[in-house]
Amino acid sequence: MNLKSLFRRENALPLAGAAVLSILAFSFGEEMLVNVAGTVLLAIGILTFLSEERKLAKTEKLSLGLYAVPFLVFGLAASLGVYQLSIYQSAFSGIVTGLLSLLGMVGCLVFGYSTRNWTKLDPWVFIYFLLGGLATLVLVSWLSTMILYGPWHPLIHEGQQYYWHGVAYDIENEVVFLLSGGMTRVSKVYAGGYAVVLAASSLPLLFLDWKKERGRGIFLSITGGIGLIFLVSVPLIEGLIVYFVAFLLAIGLRFAPFKDEPPKWLKIVSIAIVAVFVAVVAFYLAVVLANEKDLFSEGFLRKIFNNGRWTGPINDIVSATYYNNDTPSFLSLLFGMDPYVETGNMLGYNFSRWSGTAWILVDLKTFEFNAFLEGGLVAFVALLFILFTSVLMLYHYVHDERRSPLSALVLPLALTYLIYFTFFSDMTPLVLKGEANTYVSPFNGNPLFFLILFLLGMSYRPVYYRKRLALEGISHE
């Protein structure tokens, strides 16, 4: 990279955006800083579009609209739903915070999409800033963990506890992470989400031309290495498993044959999968909302749908969203949970009618149902639509880019994020007694989610109308 050509006047705006992206990635664990940084990126993205000369084809406008609408629906429901407006002392505070979060989400997506307009600037510049900020966050947290606990402390201190203000804590379940404005004890599973996504940045090394891209290879080796060191030295088995899966996918991508056009069977199989998935989810939600445990009371179905490791918590979250104070609420069902319930003069957490558990005590591992909690059925359905279309879009992105190192970076980062947080999410990661019931949203003000939105915007491809005209001028080759 030629630094002299990089720091030119015409690059001032994108470089400012890249710097903000780096701040967002590091974020100091501050939700408000993440929201504000995303809002600044929105302003930069809008300024870029105002100076844009290229006109979008009609088919690309339609495809872009079909892709963007679910994001707006999800953002509105998750940021300004019942949950968001209920957790603050005043509705005004909830609205202001929710609007900032919404603007931040849209800002990351818009700024990512706008990067295609800076044709004189290597898109890798944004990746360097993004991974640099994320690597700094993980590195600081890793060093703090090693200083406080030492390497492999879950193995060395298995079954051991320490006492803080008379309360016992399991050493093996926690690490130190930069969250809530300071170094905080959190669950190792929560911190591992950031580490495993960072570790996935090493996978494009399989696609690099080392003779021409040695500097890039060294950078990705360092960032990916920091993530891997975190996963290995803790150790975090869940993160290592997900990384291994991502590695196998990268190997398959490296050697899989690609035709000039994506195969037609992809669309047919995708529609079939979605149809089956929608039918299963609809049946499942109907049973849980009706509180009909008996349908899942025997044998194999009971293990899967009633008290399974993942479905049991989902039952509680769905039930607590629909029932407030044992009363059905279609408003909460559609637009998110009311987290509190009044009993006499006391205000406490809303309980699940399914198992009688306070929702805040639920060990929900599947982040898609956090969308149900925060934005109701509207946000949940919109998020599922986003996930499906984004996976298709990433496939097209890798296909169109002929498996370039950049596309081979975006794909594993996004898929690693999706796999890990679908199976190992932690919505209450703080472990100390006074903080243990603090909910940390995987969406609102979450730096990792915002960064994934930026990558999705950066890799956008017309998913619904893929004509040659619609693809002109959007390649990052």
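Per-structure values
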item	result
Residues HIS165, HIS399 arranged by fewest to most Cβ contacts within 10 Å	HIS165, HIS399
Additional length obtainable on full extension of the chain from LEU206 to SER180, 0.36 nm per residue less Cα span	5.7 nm
Shape box of the chain [Cα atoms, principal axes, largest first, Å]	66, 52, 47
Debye, to nearest 20: dipole size of the chain, +1 on Lys, Arg Cβ, -1 on Asp, Glu Cβ	1780
Members of LYS120/LYS188; LYS188/LYS211; LYS188/LYS303; LYS293/LYS433; LYS61/LYS211; LYS61/LYS212 lying beyond 30 Å, as alpha-carbon distances in this model show	LYS120/LYS188; LYS188/LYS211; LYS293/LYS433; LYS61/LYS211; LYS61/LYS212
Nearest-20 debye value, region 265-361 charge dipole, Cβ charges on Lys, Arg, Asp, Glu	420
Nearest-ten-degree value, helix 407-423 long axis tilted from longest Cα axis of the chain	0
Label point distance in nm, THR327-ALA275, each placed 7 Å from Cα along Cα→Cβ	4.2
Total charge dipole magnitude, region 311-465, about the Cα centre, Cβ charges on Lys, Arg, Asp, Glu only, Debye to nearest 20	460
Sorted peptide list for 446-453, 139-146, criterion being average Cβ within 10 angstrom, highest first	446-453, 139-146
Mean residue ellipticity (222 nm) of the chain, computed from DSSP H runs ≥ 4 via -39,500 (n - 2.57), nearest 500	-19500 deg cm²/dmol
Nearest-ten-degree value, helix 368-400 long axis tilted from longest Cα axis of the chain	20
Taking VAL167, VAL138 and counting other C-beta atoms within 10 Å, the order from fewest to most	VAL167, VAL138
DSSP loop trypsin sites (Lys or Arg not before Pro) with at most 13 other Cβ within 10 Å excluded, longest remaining stretch of the chain	310-401
Sequence of SER390, SER86, SER79 once ranked by neighbouring C-beta atoms within 10 Å, starting from the fewest	SER86, SER390, SER79
Spatial extent of region 265-361: Rg and Dmax, with the Cα atoms as the point set, Å	15.8, 60
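Taken together, the values in this text are just the output of simple stated rules run on the coordinates, not laboratory data. Computed from a predicted structure; not experimentally measured. Cβ: placed from backbone, ideal geometry, glycine included. Neighbour counts: every protein chain shown.
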